[in-house]
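Enquirer: Handing you this structure, nothing more for now.
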Amino acid sequence: MWSVFMYYHITNLADGLSDATLRRDILNIIHNVSFPISAMVLDNSVVRSDIAYYLFTKQHWNVTVALNGNYINRKYPLKVLIHGWTEHNYVEWYKNTAKAYVKKGFYNVIAIDWSSKGDEDYFTATRTVRAVGRKIGEFLVDLHDRKGVPYKNMHLISHSLGCHVAGFAGKRSYELAKRKLARITGLDPAAPIFDLTMDPGSRLSKEDADFVDVIHTDGGMLGFNFPIGTVDFFPNGGTAIQPGCSLLKLNIKYSDFFCSHASSHQLFINSINTRRFTAKPCESWEKFSKGLCNDARSITFGENVPEIVSGNFYLETKEFSNAYSFIYRSVQFSVRYPV
């Protein structure tokens, strides 16, 4: 839950913003945070044309996916990217993720654009998450039935509000096919509204795929501060403020507010082509930071996590060093990601 301190701090941050639209959207999150998703009137007006799909492979780059086309190779693993609130298919983390997989080998990377619904104010966008996810789940079943893509090859990689979209996609595909997707990765799943329900049917949960791994980087603010996956990683404790981010400066910018939240997908991207990031099981960040779990066996963090493990894992990362840009409502900001 968000503390009284965070409520005060974020509200003051919003009040100090010169851009009225940005200020309105932050305040909208705060003012609606006590309204649980289970009590919301859901928007079920989503149609297939509200969602666009773009394919990235070694042979094809950013082409529209057509189920009657021949671009998708069913023998390649499928990575499906699902963005968060106010994002689009041109966000930098999509491009960087696709590049990393193309470097790694032969993959079908599908970047989903659900911005026609996700560009609304936060409260309105949350009302469409279930319907958007269900449409994506139906698309994945079509990929299996019409293109022969095995469910065991399907891996959804999602960020923020998109994590719950991914959860509902997994629920819908299982409902239709009675087969679970292989894996869902949740990159700092959005907490506001969703952290007020313990009902796994109302958000991303470990039941939505055979393996669900979650990376927490902004717990207690924009992200969950408790585990919801098969494996939950807590880099640097899983909370703000992540290395390289700061909210304790005089000239705070809107990008600073999102820095810890955005670091989740940068950590994941950097794990795609390496196994050097490792994490240890531990009861808490406090015990981990005191060295009380040093004797525990480490596992690989991120993309290459062994899918036979479960539980909570901790790791420490260094300060960010490379620039990464993202776009929020046509206003460009910069955060940094680790090498």
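Please treat every number below as a calculation from the coordinates, not as lab data. Remember, predicted model here, so these are calculated numbers, not experimental data. When we count neighbours, we look across all protein chains shown, and the Cβ atoms used for this are built from the backbone with ideal geometry, even at glycine.
Enquirer: May I ask for log10 I(q)/I(0) of segment 120-192 at q = 0.13, 0.27, 0.28 Å⁻¹, from a Debye sum over the Cα atoms as equal point scatterers with solvent left out?
Expert: Results for segment 120-192 at q = 0.13, 0.27, 0.28 Å⁻¹ read -0.36, -1.20, -1.25.
Enquirer: Given LYS117/LYS253; LYS79/LYS104; LYS117/LYS206, which pairs have Cα atoms separated by over 21 Å?
Expert: With Cα atoms farther than 21 Å apart: LYS117/LYS253; LYS117/LYS206.
Enquirer: Under a crude label model (7 Å from the Cα following the beta-carbon direction), how far is LEU247 from ASP119 in nanometres?
Expert: Label-label distance for LEU247 and ASP119, simple model: 2.8 nm.
Enquirer: List the residues whose amide H sits under 5 Å from the amide H of PHE211, counting only those 5 or more places along or on another chain, with H placed 1.01 Å from N in the peptide plane.
Expert: Under 5 Å from the amide H of PHE211 lie the amide H atoms of ARG183, ILE184, each far enough along the sequence or on another chain.
Enquirer: Ok, one more. Taking the highest mean first, how do the peptides 144-155, 81-92, 163-174 order by number of other beta carbon atoms within 10 angstrom per residue?
Expert: Averaged packing, sorted descending, gives the order 163-174, 81-92, 144-155.
Enquirer: Can you run phi through the Karplus equation (6.51, -1.76, 1.60; θ = phi - 60°) for segment 116-123 and list ³J(HN,Hα) in whole Hz, with x for Gly and Pro?
Expert: 4, 10, x, 7, 6, 4, 4, 5
Enquirer: Within a 10 angstrom radius of the beta carbon, how do ASP208, ASP213 rank from fewest other beta carbons to most?
Expert: Placing the least packed residue first, the sequence is ASP213, ASP208.
Enquirer: Still on this model: Collect residues whose amide H, placed 1.01 Å from N in the peptide plane, falls under 5 Å from the amide H of THR278; neighbours closer than 5 in sequence don't count.
Expert: Residues meeting the amide H criterion: PHE301.
Enquirer: Out of residues 5 or more away from GLY311 or on other chains, whose amide H comes under 5 Å of its own, with H placed 1.01 Å from N in the peptide plane?
Expert: The answer is VAL231, ASP232.
Enquirer: Test of understanding: what is the full-extension gain from GLU286 to LYS75, defined as 0.36 nm times their sequence separation minus their Cα-Cα distance?
Expert: Stretched out fully, the GLU286 to LYS75 stretch lengthens by 71.5 nm.
Enquirer: Less than 17 Å apart at the alpha-carbon level, and either on another chain or at least 8 residues along: which aspartates and glutamates does that give for LYS135?
Expert: ASP43, ASP50, ASP113, ASP145, GLU175, ASP208
Enquirer: MET221: net charge of surrounding residues, Cβ under 11 Å, Lys/Arg +1, Asp/Glu -1, itself excluded?
Expert: -3
Enquirer: For segment 131-137, in order, what is each residue's ³J(HN,Hα) by Karplus, 6.51 cos²θ - 1.76 cosθ + 1.60 with θ = phi - 60°, in whole Hz (x at glycine and Pro)?
Expert: Here the 3J(HN,Hα) series is 5, 4, x, 5, 5, 5, x Hz.
Enquirer: Need one number: convex hull volume per residue for segment 173-269, Cα atoms only, in Å³.
Expert: About 105 Å³ per residue, rounded to a whole number.
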